[in-house]
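The values are calculated or read from the model by the stated rules, or taken from the named source; none is laboratory data. The structure presented is a predicted model; accordingly, all values stated were derived computationally and were not measured. Note that we place each Cβ from the backbone using ideal geometry, even for glycine, and neighbour counts take in every protein chain shown.
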Amino acid sequence: METNGESRAKRKYPGSPPADRPTKHLRDDSFGTDQDEIDLPGGEELGFVALDTRLLPPAVATHDSAEWQKTIEEVVRNVVSIRFCQTCSFDTESAITSEATGFIVDAERGYILTNRHVVCAGPFWGYCVFDNHEECDVYPVYRDPIHDFGILRFDPKAIKYMPVGALQLRPDLARVGAEIRVVGNDAGEKLSILSGVISRVDRNAPDYGDGYNDFNTNYIQAAASASGGSSGSPVVNIDGYAVALQAGGSIEAATDYFLPLDRPLRALECIRNGRPVTRGTIQTQWLTKPFDECRRVGLSPEWEAAVRKGFPKEIGMLVAEVVLPEGPAHGHIEEGDILIKVNGALITKFVDLDEILDNSVGKKVRMLVERGGKAMDIELDVGDLHAITPDRFLTVCGASFHDLSYQSARLYAIPVRGVYVCEPAGSFRFDGMDKGWIIESLDNKKTPNLNEFIEVVGNIPDRSRVVATYRHLRDLHTMHTSILYIDRHWTTKMRMAVRNDVAGLWDFSDIADPKPPVPLAPSSAQFIRLDNVGYPAASDLVRSFVRISCVMPIKLDGFPRARKTGFGLVVDAEKGLVVVSRAVVPYDLCDISITVAESIVVEGKVLFLHPLQNYAVVQYDPALVKAPVQSARLSSEHITQGASAMFLGFNQNLRVVVAKTSVTDITTVAVPANSSAPRYRAINVDAITVDTSLSGQCGSGVLADADGTVQALWLTYLGERTHSNKDVEYHLGLATPSLLPVIRQLQNGIIPKLRMLNVELHLVHMSQVRIMGVSEEWIRKVEQDNPERHQLFMVRKVECGHSQTLEEGDVILSINGKVMTRITELDVMYDHEYLDMVVVRNCEEMMLRVPTVPTDDLETDRAVIFCGAVLHRPHHAVRQQISTLHSEIYVSARTRGSPAYQYQLVPTNFIVGVNGVKTSDLDSFLHEVSKIPDNTYLRLRIITFDNIPFVITIKKNEHYFPTMEFIKDPSEPCGWRRQTYEGRFTHAGLESNILAENMDELGGE
């Protein structure tokens, strides 16, 4: 199965998934493959490998006889390409966008047989493409709880230009030595026909590691001529009958694994006749083991003789591998027991065992097993396999939950009970492994099942902090305990999703409104003392630090994280003003928690975001904090190179570290831009480096003199993303004098209205400026003005979107009559509408009156979520990096499993038109898309970041991905107003499980 999980490059590419033949489930010889199907940051293991067949030549049966050629021509008409998404994580599977193959098994009713991992355990939406390129929506009808098959439904009347046929299922024709063909078809564009010969019909189901695995069935093995293939392809014989379903393969050998069609045929007949597909279980996994192994575990000669006489061609028997605690077989069957009879009949095949159990749901069966040579006759209740397979999930606090599935319980041999976190996000984003968590208790109340969990979580007020205990399936010995912040304001509703196999959708219902927050009461605390570090001022400085946690409900502005933690410096304890890095607080669509003295937790809000200097100012209510918080004293003098200072910082373990140090350098830094997804970075600012190794370990802190006066903040600067998908962070100092004008205005209750030159400057030396036309007279002025650094600044990049007086390549000589040799001398721009500048352009000296631009509209104040894509005005980083602003509609992120993923609406693209109508801003875009009915295609004209235009088509899916909008509104408690669109009408609230953790902000490279 081929996935579209990887982000594409910003170059031109088609708007639909590539037409290469999809791949299948693959395994290596160890059956221990543990790779991701979707290669994304934070992605989950799906337990199988997706081999990209574009790297392999398709294996086509050559020199086929005329009979085979005729058969293949008939079969191909009934094979379809399936393009689909699972919209969210569910059970063992993550949100996924992929494509596979299926084949028609009932032309009149429109049934398609494919794999279970294609039909998906969770919410599914998709379509199929026929051999003649007609397209039709498909809906799940059935997915087996265990075996790797499922059935989709389409409308046969929608296919107008070709007769719809069907392949007949003949599981009885799958025999050793039979010649077969595996027919995969990706919309008829690239036909793949793999030839092979069935070599085994009795192998155990392959094990793909963690995630979904088939079991309690035999698989068919074939020596195919290549290791490629597509999930859900029919395996046909020369007469055109489907004898098996392709499901897996080996990486190392040219071997394919096929699912027998006995149980799919039964399920199909039940569905045709309107009967439920009953599935029975005793919660025991069996394996086929050869007679020699059976003898070693206790098979007596008498029973071996009886079995061999009854089944002369059999070479083994079924042996119990896993017996689940608390299941029907617990206490009756043990691992290693050999199954002899069921209801008096000798049993050696899974298909016979399945037949008896499936017809005995709610009844009893008698089993004869042999344990260590002793025959034991037992009676067992047969349970309903569907009852222990989740068909509903709860969404609350940004996370999703359902009862633990039989599939997961079997993998770890535990009872089928407990609340499983299928989407660990929002309030329930635990540290460490992404998936596999079981909630034991919440708010000091046990949560043994989903119903009791609903009762507990529904009674917790919004913005509460509660204790949660939980375990991971891989380590059930360890109990984890965390304090969770309950978010019922960004995603207000508690929603239940229930699978509806009649409609082929999941029905959503609201089951509880949030309880209002409980007002916080003032709390008291004391700070730690640092008596033994040798710096008396350090203990006082510790009282000026608070820990800041920032949680973002959606991803904006290319920021890569959904949550971030760091430390901030209190600059006014009476007003609760705190300065923190913008790598911690990137934008104000967020929740901020401020922890004082590692004891008191209060909420904060964003007051100010500096557009260039990498800091934000947040505020908390000091009336809630009864602790000796101290306002840091900020120096008004610039620290100098070589100066001694005390470094106080917080390391990766959030511990205070102190060291004596000296300033090694103060220079204008150029933080590298992130090419794959522009995001905030500091420019036109001096950065301080020091000579202690602690500086590289600490993302927050200060440089202070002996009496504790803060001379510089120590901040984290977000840089570029490496080719290994690691975000680079730089730890550097920012001198305090540049902060003082902003802090003073905020202390007076004024939100600063800064102005700036929207250019990025680059340091140049005298040897360079001589060549660029700077006169000797100006060089002398530079040497006199700054004896320590003989330097000037050149315009490296001019932002787009404003008329400009400065041009790239201009060398700035002076501003308002002052020679500019230090970047701090540019700070005069913040409160001037015009600057009188002398520059050298093309070796000519020029005097310019340069207007500054306001910064009021730099921050994102509106975001639209459309088809799972986050759209907003191009943020500041985009304007810094791009030369032409194509429109005011920028794709910032997209949700996995959404139409934006399926149809390749990629981050860093600009939308410039809808259905031939120009859309220059969000209002015109919403006006056009609101006219388009649900489940209907529309055309989007796109221009990439690299100025390449093209058109994509995308189908609306309002059921799973409604159009929503976030609008900044200071009158709202969260600071933002939310509304959801239904056609041209809107209503308040965010009722879809759109998660920052499930978003990808990369445009790809």
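Among the criteria (1) part of a strand (DSSP E or B); (2) within 48 Å of the chain's Cα centre (by Cα), the one Gly801 does not fulfil is (1). Of everything in segment 906-938 that is over 21 Å from Glu1001 (Cβ atoms) and hydroxyl-bearing (Ser, Thr, Tyr), the residue that is surrounded by the fewest Cβ atoms within 10 Å (Cβ to Cβ) is Thr936. Looking across segment 413-430, the residues that are in a loop (DSSP other than H, G, I, E, B) and within 16 Å of Ala996 (Cα to Cα) come down to Pro424, Ala425, Arg429, Phe430.
Restricting attention to segment 736-760, report how many residues are among the aliphatic types (A, V, I, L, M), in a loop (DSSP other than H, G, I, E, B) and surrounded by fewer than 16 Cβ atoms within 10 Å (Cβ to Cβ). Matching residues across segment 736-760 total 2. In segment 685-713, the residues that are assigned by TED's automatic domain parsing to the domain that holds Ser544 and over 19 Å from Leu740 (Cβ atoms) form no Cβ pair under 7 Å with any partner that is buried (at least 17 other Cβ atoms within 10 Å of the Cβ) and among the acidic types (Asp, Glu), whether six or more places apart or across chains. When Gly184, Gly228, Gly196 are screened for being modelled with pLDDT under 95, of a type outside the set (Val, Ile, Thr), touching a helix residue (DSSP H, G or I) at 6+ places or on another chain (Cβ under 7 Å) and buried (at least 23 other Cβ atoms within 10 Å of the Cβ), only Gly228 passes.
Hand me the list of strands (runs of 3 or more DSSP E) wholly inside segment 445-554 holding 1 or more residues that are within 30 Å of Leu648 (Cα to Cα) and in the same structural domain as Ala583 (by TED's automatic domain parsing).
On the way: elements: 465-472, 475-485, 494-500, 505-512, 545-551.
The strands (runs of 3 or more DSSP E) meeting that bar are 545-551.
Output the residues belonging to segment 151-162 that are more than 13 Å from Val105 (Cα to Cα) and touching a residue at least 60 places away in the same chain (Cβ under 8 Å).
Residues of segment 151-162 that are more than 13 Å from Val105 (Cα to Cα), as a first pass: 155, 157-162.
The answer is Met162, and nothing else.
Residue-wise test of (1) more than 30 Å from Ile460 (Cβ to Cβ); (2) surrounded by 18 or more Cβ atoms within 10 Å (Cβ to Cβ).
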position	(1), (2)
Asn343	yes, no
Asp358	yes, yes
Met376	yes, no
Ala387	no, no
Arg392	no, no
Thr395	no, yes
Arg410	yes, yes
Ala413	yes, no
Val419	no, yes
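Take Phe866 and tell me if it is under 25 Å from Gly126 (Cβ atoms), buried (at least 23 other Cβ atoms within 10 Å of the Cβ), aromatic (Phe, Trp, Tyr) and touching a Pro at 6+ places or on another chain (Cβ under 7 Å). In short, no. So, in segment 386-412, of the ones that are part of a loop (DSSP other than H, G, I, E, B) and modelled with pLDDT under 95, which residue ends up nearest to Val466 (Cα to Cα)? Among those residues, the one meeting the criterion is Cys397.
Okay, residues lined up against (1) touching a Gly at 6+ places or on another chain (Cβ under 9 Å); (2) within 30 Å of Val138 (Cβ to Cβ); (3) crowded, with 18+ Cβ neighbours inside 10 Å:
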residue	(1), (2), (3)
Ile483	no, no, no
Thr492	yes, no, yes
Asn500	no, yes, no
Ser509	no, yes, no
Lys515	yes, no, no
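Put simply, of Gly336, Gly362, Gly327, Gly331 the only residue that is in a loop (DSSP other than H, G, I, E, B) and free of Cβ contacts under 8 Å to residues at least 12 places away in the same chain is Gly331. On the stretch given as segment 761-772, residues that are surrounded by fewer than 21 Cβ atoms within 10 Å (Cβ to Cβ) and touching a strand residue (DSSP E or B) at 6+ places or on another chain (Cβ under 9 Å) total 7.
Of the residues making up segment 869-927, those that are assigned to a loop (DSSP other than H, G, I, E, B), more than 17 Å from the chain's Cα centre (by Cα) and among the aliphatic types (A, V, I, L, M) number 3.
In segment 632-684, which residues are among the β-branched types (Val, Ile, Thr) and assigned to a strand (DSSP E or B)?
Matches in segment 632-684: Val656, Val657, Val658, Thr661, Val663, Thr664, Ile666, Thr667, Thr668.
Taking segment 206-216 as the range and being buried (at least 24 other Cβ atoms within 10 Å of the Cβ) and at pLDDT 90 or above as the test, only Asp214 passes. Is it the case that some residue within segment 812-828 is crowded, with 16+ Cβ neighbours inside 10 Å, hydrophobic (A, V, I, L, M, F, W, C), modelled with pLDDT of 95 or more and closer than 30 Å to Leu922 by Cβ? There is no residue in segment 812-828 that is crowded, with 16+ Cβ neighbours inside 10 Å, hydrophobic (A, V, I, L, M, F, W, C), modelled with pLDDT of 95 or more and closer than 30 Å to Leu922 by Cβ. Any residue in segment 950-964 that is within 29 Å of Phe90 (Cβ to Cβ), modelled with pLDDT under 95, in contact with a Lys or Arg (Cβ under 8 Å, 6 or more places away or on another chain) and not β-branched (Val, Ile, Thr)? Scanning segment 950-964, I find at least one residue that is within 29 Å of Phe90 (Cβ to Cβ), modelled with pLDDT under 95, in contact with a Lys or Arg (Cβ under 8 Å, 6 or more places away or on another chain) and not β-branched (Val, Ile, Thr), so the answer is yes.
Within segment 398-409, is even one residue more than 26 Å from Gly211 (Cα to Cα) and assigned by TED's automatic domain parsing to the domain that holds Thr478? No, every residue in segment 398-409 fails to be more than 26 Å from Gly211 (Cα to Cα) and assigned by TED's automatic domain parsing to the domain that holds Thr478. Within segment 68-115, being out of contact with any Cys (no Cβ under 6 Å at 6 or more places or on another chain), hydrophobic (A, V, I, L, M, F, W, C), assigned to a loop (DSSP other than H, G, I, E, B) and surrounded by 24 or more Cβ atoms within 10 Å (Cβ to Cβ) holds for one residue alone: Cys88. Is it the case that some residue within segment 528-548 is surrounded by 19 or more Cβ atoms within 10 Å (Cβ to Cβ), over 23 Å from Val656 (Cα atoms) and out of contact with any Leu (no Cβ under 6 Å at 6 or more places or on another chain)? No: zero hits.
Residues that are free of Cβ contacts under 8 Å to residues at least 40 places away in the same chain and among the basic types (Lys, Arg) were ranked within segment 939-977; the one that is surrounded by the most Cβ atoms within 10 Å (Cβ to Cβ) is Arg941.
Within segment 721-731, not a single residue is buried (at least 18 other Cβ atoms within 10 Å of the Cβ), assigned to a helix (DSSP H, G or I) and in contact (Cβ under 8 Å) with a residue 60 or more places away in the chain.
Return yes or no: is Asp148 of a type in the set (D, E, K, R), in contact with an Asp or Glu (Cβ under 6 Å, 6 or more places away or on another chain) and either buried (at least 21 other Cβ atoms within 10 Å of the Cβ) or in contact (Cβ under 8 Å) with a residue 60 or more places away in the chain (or both)? Yes: the conditions hold for Asp148.
For the subset of segment 50-101 comprising residues that are on the phi < 0 side of the Ramachandran plot and among the acidic types (Asp, Glu), which member is modelled with the lowest pLDDT?
Applying the filter and picking the extreme gives Asp52.
With respect to the stated conditions, Glu598 is touching a residue at least 24 places away in the same chain (Cβ under 8 Å) and either part of a loop (DSSP other than H, G, I, E, B) or buried (at least 23 other Cβ atoms within 10 Å of the Cβ) (or both).
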